[in-house]
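Scroll down for the structure; my scribbles are underneath it.
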Amino acid sequence: MSNLSFSFAPDVRPLAARLRPKTLQDYVGQQHLVGPDTPLRRAIEAGQISSLILWGPPGTGKTSLAELIAASADAAIEKISAVTAGIKEIREAIDNARIRLQQGQRTLLFVDEVHRFNKSQQDAFLPHIEDGTIVFIGATTENPSFSLNNALLSRARVCVLRKITSDDLRQLLSRALSDDTLGLAGAVTLEPHAAELLLQLADGDARKMLNLLELAAQSSSDGLISTDLLKQLVERHLPGFDNQGELYYDLISAFHKSVRGSQPDAALYWYCRILEGGGDPLYVARRLLAIASEDIGNADPRALSLALTAFDTFQRVGPAEGERAIAQAAVYCALAPKSNALYSAFNQMRAFVREQPSFDVPIQLRNAASGLLKQLGYGEGYRYAHNEPGAYAAGMTYLPAEMQGMQFYQPTDRGLEKQLGEKLRYLQQLDAQAQQGGAADVD
């Protein structure tokens, strides 16, 4: 008999895949979901699995958690990605699950990037979740409220996963460097500052940290990973940003609220986060135009002009100077006096007009464009303001009779609006005098 020798191919999967946890004890992070005595952990340990939506940033353990849930329940796991799969792949996975169910085994169908499926593709899962053919777990980096059908959401519990903390990343890094089965133990050393830089560059993404660690190990000639090496591999650190995604709108919201809250440093921080993440500066400039009218209004009308000028500057001279002009407008708007009186008055008046009848234009305000209209009294009683003392026709009414006495615009006592409020009250006093039959004392 000849001697037979067997050779096993080395595990060439990425480090992040080789380090996936085998048990919940090995699972790093998300202790608010799977920590001791949490409802989800108790359910997993009891093998009681139900449909879930795992929502969180990249590299936070969504796939690993789905695999652990399947293993705990002795269920087969079918994985499909919404990036590459379609109805055909969904049907194949369902058919496989149906065969297993007939043989007494459950199937956990894990759909990565589920938000990329359209409505009809998402609907394809519903009857099979309902009849128990599959236990559905979808992973998404987008807000499920916006990206998933209500019908799918009603059949699955949403679990929010958070960025991996620095302490948890350190634990994972230590495991990667000490586990003899991974190939790095004893062969790779990190300078102390390099380890901290690696955690910083990971930005809460475990997969990103492990991928960068593996790339650095492959790029080092002597097994030493230095800060210089990491900086060469990642020349520019892009802060967390997902254009048109959940984080995108969170950053815009934080910017708007910082300007409204009169915090220039915070406004600049969120603006720069958007810029460094590849966001459109003109989107920020457009938001500043909205802020200038919504949150500042007549307390400082110059804010609207400056925001418009910043927008125009960017279009005329490009990013280098244009981004700085937008920053200038952001700081100015942050420190400008705030008033939403105009914003509120405008919205209230729009709502009033929609809800109320179309009141007739007072006859004194109508234009007598023909002899007939003049005979009918059009324009009768109208007083030309420029011919009146102080260019104000005291007592003259311009609203429909049904709206007399109503006031929608309520100026604040901040900035220029304080003066506008004083002027408005003065004019109201002149009106009151004129309506009482007295002569209006116009300065």
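The values are calculated or read from the model by the stated rules, or taken from the named source; none is laboratory data. Keep in mind that this is a model prediction, so the values were computed, not measured. Every residue, glycine among them, receives a Cβ derived from its backbone with ideal geometry; neighbour counts consider all protein chains shown. Quick note on the areas: whole protein, heavy atoms, side chains included, nothing else; ligands and nucleic acids left out. Shrake-Rupley method; radii C 1.70, N 1.55, O 1.52, S 1.80 Å.
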Pairs, first open to solvent by 10 Å² or more (accessible area, probe 1.4 Å) in region 21-38, second among the aromatic types (Phe, Trp, Tyr), C-beta under 7 Å, six or more apart
Pro21/Tyr27
Looking at region 306-361 only, could you name the residues that are surrounded by 15 or more Cβ atoms within 10 Å (Cβ to Cβ), of a type in the set (Phe, Trp, Tyr) and over 22 Å from Ser262 (Cα atoms)?
Phe314, Phe346
Odd one out for Lys338 among (1) part of a loop (DSSP other than H, G, I, E, B); (2) farther than 28 Å from Leu420 by Cα:
(2)
Can you tell me which residue is farthest from the chain's Cα centre (by Cα) among those in region 263-292 that are open to solvent by 50 Å² or more (accessible area, probe 1.4 Å) and hydroxyl-bearing (Ser, Thr, Tyr)?
Tyr269
Selection status of His128, open to solvent by 10 Å² or more (accessible area, probe 1.4 Å) and either assigned to a loop (DSSP other than H, G, I, E, B) or touching an Asp or Glu at 6+ places or on another chain (Cβ under 8 Å) (or both)
no
Every residue in region 22-49 that is modelled with pLDDT of 90 or more, in contact with a strand residue (DSSP E or B) (Cβ under 8 Å, 6 or more places away or on another chain) and more than 22 Å from Ser166 (Cβ to Cβ), please.
Leu40
Find the residue count for region 55-94, including only residues that are open to solvent by less than 60 Å² (accessible area, probe 1.4 Å), among the charged types (D, E, K, R) and closer than 22 Å to Val28 by Cβ.
2
Contacts under 6 angstrom Cβ, first residue in region 340-360 being touching a residue at least 60 places away in the same chain (Cβ under 8 Å), partner surrounded by 12 or more Cβ atoms within 10 Å (Cβ to Cβ) and not in a helix (DSSP H, G or I), 6 or more apart
Ala341/Gln410; Ala341/Pro411; Ala341/Thr412; Ala345/Phe408; Ala345/Tyr409; Gln348/Phe408
Residues being among the aliphatic types (A, V, I, L, M), touching a Gly at 6+ places or on another chain (Cβ under 8 Å) and either modelled with pLDDT of 80 or more or open to solvent by 60 Å² or more (accessible area, probe 1.4 Å) (or both): count how many of those fall in region 207-255.
4
Cross-chain or 6+ apart pairs with Cβ under 8 Å, region 251-277 first and of a type in the set (S, T, N, Q), then open to solvent by 20 Å² or more (accessible area, probe 1.4 Å):
Ser258/Ala266; Ser258/Tyr269; Ser258/Trp270; Ser262/Leu335; Ser262/Lys338
Any residue at all in region 161-184 that is exposed (fewer than 14 other Cβ atoms within 10 Å of the Cβ) and among the aliphatic types (A, V, I, L, M)?
no
Restricting region 293-305 to residues that are in contact with a Ser or Thr (Cβ under 9 Å, 6 or more places away or on another chain) and not hydrophobic (A, V, I, L, M, F, W, C), which is most open to solvent (accessible area, probe 1.4 Å)?
Asn298
Residue count, region 362-402, condition among the small types (Gly, Ala, Ser), assigned to a helix (DSSP H, G or I) and surrounded by 13 or more Cβ atoms within 10 Å (Cβ to Cβ), comes to 1
Are any residues in region 185-206 surrounded by 20 or more Cβ atoms within 10 Å (Cβ to Cβ) and assigned to a strand (DSSP E or B), and if so, which ones?
Leu190
Candidate set from region 95-116 (those that are assigned to a loop (DSSP other than H, G, I, E, B) and under 19 Å from Ala66 (Cα atoms)); member that is most open to solvent (accessible area, probe 1.4 Å)
Arg106
